[in-house]
Amino acid sequence: MQHIILAVYWIVFGIWHSVFAAEGVKNFFKHIIRRGFKYYRLCYSIVAVFMVAYILYFNFAIPTIELWDASSIEKIVASIAGIIGLIIMAVCIRKYFFYLSGIDVFFKTKPQEHLQVNGLNKYVRHPLYSGTLLFAWSVFFWQPYLSNLISCFIISVYTIIGAWFEERKLVKIFGEEYKKYATEVPMVIPKFV
């Protein structure tokens, strides 16, 4: 039963996250809260952090089933992959922190919106998603528990769906420039040749 609750928590988070990120919903709140709307993204980010923190706590707190006994080699490889995933996530969050978190409302200068094609974006269009997936699956292969598998599966599905919607939004913003970039750089899994 607790595994079903875990899945429901992730699904509810995914729905909440998507609904409140949707342009129509943001426009609705912009109309309702007017001047206070500048804090919308900040509030959204704070709620998201608390939701994810609780779901992760629940994920690791519930009794679960070990699917197999991970070998030392599997744990080493998973640890290395997890560290790489965390580094990628940290680089992306640092790069986009002001915009992603919403704390940019406290600063007078706003970053100009332009298509990011340097750094990690030379290898994948959505490096934060890549790092997130790498880290999540490394946790599963380090501790192959049913609860971790459920979390990884739902995170992966949500990330892929999120990337698809993000792609549509970026095409609207950057037009042909983004379409050309999308033909040259993979979405989530990098190619180095």
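Assorted remarks:
- Each Lys and Arg adds +1 at its Cβ and each Asp and Glu adds -1 at its Cβ; summed about the Cα centre, the chain shows a dipole of about 980 debye.
- A Cα-only calculation for the chain places Rg and Dmax at 18.3, 56 Å.
- Within the chain, longest stretch clear of exposed trypsin sites (Lys or Arg not before Pro) (DSSP loop, no more than 12 other Cβ within 10 Å): 1-107
- Simple spin-label estimate for Ala7 and Ser71 in nanometres, 7 Å along Cα-Cβ: 3.1
- 222 nm mean residue ellipticity, helices alone, for the chain (DSSP H n ≥ 4; -39,500 (n - 2.57); rounded to 500): -24500 deg cm²/dmol
- Straight-line cross-link partners of Lys122 among the lysines, defined as a Cα under 29 Å from its Cα and at least 8 positions apart when in the same chain: Lys95, Lys110, Lys169, Lys172, Lys179, Lys180, Lys191.
Every number here is computed from the coordinates shown, using simple stated rules; none is lab data. Computed from a predicted model, the values in this text were never measured in an experiment. Don't worry about glycine lacking a Cβ; one is built from the backbone with ideal geometry, like all the others, and counts go over all protein chains shown.
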